[in-house]
1. Within the stretch 142-191, report the GluC sites (Glu not before Pro) that DSSP leaves as loop and that have at most 10 other Cβ atoms within 10 Å.
2. If I take every Cα pair under 8 Å that is 6 or more residues apart in the chain, average their sequence separation and divide by the length, what percent do I get for the relative contact order?
3. At a 10 Å Cβ-Cβ cut-off, how would you order Ser13, Ser163, fewest neighbours first?
4. Any idea what angle helix 258-269 forms with the longest principal axis of the chain, computed on alpha-carbon atoms, 0 to 90 degrees, nearest 10?
5. So, how do all the Cα-to-Cα distances of the stretch 158-287 break down into 5 Å bins, in percent, from 0 on up?
6. Would you mind working out the magnitude of the charge dipole of the stretch 123-256 relative to its Cα centre, with +1 at each Lys and Arg C-beta and -1 at each Asp and Glu C-beta, to the nearest 20 Debye?
7. Counting pairwise Cα distances across the stretch 7-241, what percent come out greater than 34 angstrom?
8. Would you mind ranking His79, His138, His195, His169 by Cβ crowding within 10 Å, fewest neighbours first?
Amino acid sequence: MTTETSPIERIASRTAHVGGGISVDRVLPVRQRRRIGPWCFLDHAGPARFAPGQGLLVEAHPHIGLQTFTWLIEGEALHRDSLGNEQVLRPGQVNLMTAGIGISHTEESLPDQQVLHAAQLWIALPPDKRDMPPAFDHYPDLPRWTESGVESTLLAGTYAERSAPTRVHSALVCLDMYCEAGASFRLALDRRFEHGLMVLEGAATVNGEAFGVNELAYASAGRAELSLAVAAGTRLLLIGGEPPTDELTIWWNFVGSKEAIAQAQRDWEARSPRFGSVKGYEERRIAPPPLPW
């Protein structure tokens, strides 16, 4: 069996809860597959509806060794971090926070909002970047185009001779595709990458196999394309990257070695300056669960 004819792997989501009573559908990491390229976390939030003043509220928490990547589809959310950044994220925009050696942040819906629909992902930093200084970037303008009835937005990496401005540190891709009227087409892939194609709205047939909302189709490296047929109102998220070869531990909000994670947890619990503090959340900090090792 060649790579092109090998079966597509189905990854189902599981429900997880985040701050403010918002539940999410999580497809990475799962026991079946921990990473897709450098992408090591994928949550799909919503569409969730709530009363004004409610919605998302994730109090101060730390990160190391990764980049948090938030793609907003509907609603508005406020990011605050220990570098002093405060940024409202609106539909069609990406927030990219680089944790590096350590950062803390909060996320919340704005008081007048009544809906939230977003995807949040993590990118594991390569070993030589895990101790880099923390940073935050906001991207309101991303490459967009329409072809064969598919409205595409390139969120990260390169695709179809286009490049996204998002500052990442690994070879990867992240592409949002929306089909208002439905479409059938062939989706070109980078043979170097393994890929995941997640249904955020609607339904899609991938190489003849039906996938519904919050299901991800995994394709191993070596494929040049996928054959897609999608229903009207379908939104898809494509992620991909070179298959990882290193060992990596993902625990709570940390990515790295077990030793690095244990030290980061001690530093957070000791209120080390390493993670700073988020204005207004100095005493509203999320405590980590006990280490499992």
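None of the figures in this text is laboratory data; all of them are computed from the coordinates on show. What you see is a predicted model; the values in this text were computed from it and never measured. Glycine also receives a Cβ, built like all others from the backbone with ideal geometry; neighbour counts cover every protein chain displayed.
1. Glu161
2. 21 percent
3. Fewest-to-most ranking of Ser13, Ser163: Ser163, Ser13.
4. 50 degrees
5. Result returned by the calculation: 2, 9, 15, 15, 13, 11, 11, 10, 8, 5, 1.
6. Here the stretch 123-256 has a charge dipole of around 120 debye.
7. 10 percent
8. With the sparsest Cβ surroundings first, the list reads His138, His169, His79, His195.
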